1. Leu136's amide H: which non-local residues (gap 5+, or another chain) put their own amide H closer than 5 Å, with H modeled 1.01 Å from N in plane and none for Pro or chain starts?
2. What list of ³J(HN,Hα) couplings, whole Hz, do you get for the stretch 171-183 from phi and the Karplus terms 6.51, -1.76, 1.60, once you set θ to phi - 60° and write x for glycine and proline?
3. May I ask you to compute the full-extension gain from Arg57 to Lys210, defined as 0.36 nm times their residue separation minus their alpha-carbon distance, rounded to one decimal in nm?
4. What percent antiparallel are the DSSP beta bridges of the stretch 87-217, to the nearest 5?
5. Tell me, what % of the accessible area of the stretch 5-216 is carbon and sulfur with a 1.4 angstrom probe?
6. Tell me the per residue accessible area of the chain using a 1.4 Å probe; a whole number in Å² is fine.
7. Each residue of the stretch 84-95 in order: what ³J(HN,Hα) in whole Hz does its phi give by Karplus 6.51 cos²θ - 1.76 cosθ + 1.60, θ = phi - 60°, with x for Gly and Pro?
8. Taking amide hydrogens as modeled 1.01 Å from N in the peptide plane, which residues meet the under 5 Å criterion relative to Gly84, leaving out close sequence neighbours?
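The values are calculated or read from the model by the stated rules, or taken from the named source; none is laboratory data. These numbers come from a predicted model, not from an experiment. In this analysis, Cβ positions are derived from the backbone assuming ideal geometry, glycine residues included, and neighbour counts consider all displayed protein chains. Protein only, heavy atoms only, side chains kept; ligands, DNA and RNA dropped before computing areas. Shrake-Rupley method; radii C 1.70, N 1.55, O 1.52, S 1.80 Å.
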Amino acid sequence: MSQVLIAPSILSADFARLGEEVRAIDKAGADWIHVDVMDGHFVPNITIGAGVVNALRPHTDKVMDVHLMIAPCDAYLKDFADAGADIITVHAEAGPHLDRSLQAIRQLGVKAGVSLNPSTPETVLEYVMDRVDLILVMSVNPGFGGQSFISSQLKKIERIRSMIGDRDIHLEVDGGVNADNAAQVIAAGADVLVSGSGVFADGNPDHYQKNIQALRG
Ligand code: DX5
Ligand code: ZN
């Protein structure tokens, strides 16, 4: 498997200085920039929209990995693609037409991701495996940073890794990933780790590089 990628979540960044924060994690060695979009409906929190992705785009050339925790999602896909998202991930639970949403993302020229809540079985992926570039396993219930990793998800990660087989699909894990459990998550089959509170921990940009390195193990 290729080297593990680290995608810091800007959910834990200083929202008043987001451009600077993105430049800081870029410089500190982030592989992707993970953007958590929440609507106060699909999840019990509201964050940012396509306008912010658009505003951040000039601050980095790294992959902008947009995680949509919104329902419905289809009406907003074009806005995020136009804003400069490289990957748009939708939740399998966000609506009845996952296959349609994934096709719509690819038609916009963007890589398509699907995310599963902790209680959602991996079987929902069976008929969309050829429509996705990324599978995102939520290892917390989405909505907030700083929650504890739900260890039942390790089994799911292993199962999805075997479903992926030799397909070119990233397996990303999001929620409660830290320096203590990263090795286990990677051993289970993840190749992209999201971390919000772990990377931005004390808000000191001088520590971001060390925090990112700690996740690589
Ligand atoms: C949670 C978000 C995550 C979150 C991760 O709903 O999708 O990306 O910010 O934050 P930590 O690493 O603090 O669990
Ligand atoms: Zn996320």
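1. Counting only residues 5 or more places away or on other chains, the set is Val114, Ser115, Leu116, Glu172.
2. Once rounded to whole Hz, the list reads 10, 9, 10, 9, x, x, 7, 8, 4, 7, 10, 4, 4.
3. Numbers: separation 153, 0.36 × 153 = 55.08 nm, distance 2.45 nm.
Additional length available on full extension: 52.6 nm.
4. Details: 0 of 16 bridges.
Counting only bridges with both partners in the stretch 87-217, antiparallel ones make up about 0 percent.
5. Values: 4390 of 9020 Å².
It is 49 percent, rounded to a whole number.
6. Values: 9500 Å² over 217 residues.
On a per-residue basis, the chain sits at 44 Å².
7. Karplus-based 3J(HN,Hα) across the stretch 84-95 equals x, 4, 9, 10, 10, 10, 10, 8, 4, 8, 6, x Hz.
8. Placed amide hydrogens put nothing under 5 Å from Gly84.
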